[in-house]
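In what follows, a structure is listed as structure tokens, so that the remarks can point back to it.
The values are calculated or read from the model by the stated rules, or taken from the named source; none is laboratory data. Keep in mind that this is a model prediction, so the values were computed, not measured. Backbone-built Cβ (ideal geometry, glycine too); neighbour counts: all protein chains shown. Ligands, DNA and RNA are excluded from the accessible area calculation, which covers all protein heavy atoms including side chains. Shrake-Rupley method; radii C 1.70, N 1.55, O 1.52, S 1.80 Å.
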Amino acid sequence: MAAPAQGEDSDDGIDEFMEKFKTQKYKNAFNESNWEEEFDKVPMFMKTAPKNIDPEKHPDLACIQSIIHDDDRTPEEKARSLKDEGNEYFKEKNYKKAIVSYTEGLKKNCMDIELNAVLYTNRAAAHFHLGNMRSALNDATAAKKLKPDHIKAIIRGAQCSMELRNYAGALQWCDEGLGLIPTDKKLQELRATADKQKREAERDARKAKVKVKKEQNEKEALLAAIKERGIKLLKTKPSRHRGSDSEDDDGGASRALADLELDGIGSQEATGAHVYMDEQGVLHWPVLFLYPEHSQTDFISAFCENSSFMDHLAVMFGEELPPWDSERKYQPQNLQLFFEDPEKRNLYQVDLEKSLLNILQHQRCSVKAGTPSFIVLVSGSPFSKQFLSGKKVQRLK
């Protein structure tokens, strides 16, 4: 439990306060000449109570009288008193306490419609300043229901709708208010702003819809191009959702392309790259190279399907070799590339002069989750011999 702060809800200053009595004389203390008069001001020791209690002269007595006779007041009087209390809290910017007072006033269920409308409107204002826009809007609506011409409630409703980005609702509030007071500048300004932002929101929604449609068309065209080339996609296991036993037409392409996202080391995690089709209809694939001898990987984010492997290897292992190749064995002419058949686990050696498309179209080659992957070994090296031993390897013609 946190300790109370100095000077707040603690007795830290009591000892110091009491010590002052040893050196300083207490001011305003009772003395022999006025003690009876002073005692008579304390309600507990009064011999007789004044007929008319003035809260300025007898605040304690007025408070006690208010507590004793609270039940004697009408619901309207109680509600108005709580409204005034809430207004004082509101002036102090203590909006939470103001809300409590206004709420208690509404609970009195008084029959004064005007007063109840004010209580709702004032509570809406307190909620508004606390950022509780939905609650503020509800209170403004309740106030307008009680008093349809309550202009403050209408303005508050328009403001809340603006904050909630319900521009159509804000326009409706403004139009109702301007129907009552056509010259109200606040409502005129709110309406102009709401109309402008409504048009901007509608424009942005149209742009977003066009963008989504364009992206969907591009996805469908990409999937069709992959299928047309006869490239096999190795699908990841789909997660079954309740109520989704069948695929709808609109989501078919999206789900198919979802299989092009990596579920491990690969394009999405490595660089965020994914297969795409350029304006000439040529596919560019993210390609992963694995170097098991050194537990390293390399990544090409956009491998043109018409480029050969040697084109890229000549760049990757040109003048500047990777730092992990301390023996400088990874020269393009020394390298062998393999892909793995996911079903039979056989390895197929790739002709480095072949294009990526030519290899991807092979009947035993599959693209797992959008990224073609190839194993790179140094031909004739001790590690290569050990790695390939016991594996069935076929050379592509």
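Details
- Per residue, the accessible area of the stretch 73-198 comes to 55 Å² when a 1.4 Å probe rolls over the protein heavy atoms.
- Prolate/oblate/rounded label for the stretch 276-395 (Cα gyration tensor, a/c 1.5): oblate
- Evaluated on the stretch 73-198, the Kirkwood hydrodynamic radius is 14.6 Å, with distances taken between all distinct Cα atoms.
- Once the C-beta distance of residue 276 and residue 145 is scaled by a Förster radius of 41 Å, the resulting FRET efficiency is 0.15 to the nearest 0.05.
- The stretch 137-142 - phi-based ³J(HN,Hα) in whole Hz, Karplus 6.51/-1.76/1.60, Gly and Pro as x: 5, 4, 5, 5, 5, 5
- Across the stretch 221-228, computed HN-Hα scalar couplings (Karplus, 6.51 cos²θ - 1.76 cosθ + 1.60, θ = phi - 60°) run 5, 5, 5, 5, 5, 5, 5, 4 Hz from first to last residue, x flagging Gly and Pro.
- Nonpolar atom fraction for the stretch 73-198, defined as the carbon and sulfur part of the 1.4 Å probe accessible area, stands at 49 percent.
- Packing-based order for 273-283, 143-153, using average beta carbon neighbours within 10 Å, highest first: 143-153, 273-283
- Put simply, when 75-84, 225-234 are sorted by average Cβ atoms within 10 angstrom per residue, most first, you get 75-84, 225-234.
- Our coupling estimate for the stretch 376-381, obtained by passing each phi through the Karplus curve with A = 6.51, B = -1.76, C = 1.60 and θ = phi - 60°, is 10, 10, 8, 4, x, 6 Hz, Gly and Pro reported as x.
- Highest to lowest packing among 158-167, 327-336, 34-43, 186-195, scored as the average C-beta count within 10 Å: 158-167, 186-195, 327-336, 34-43
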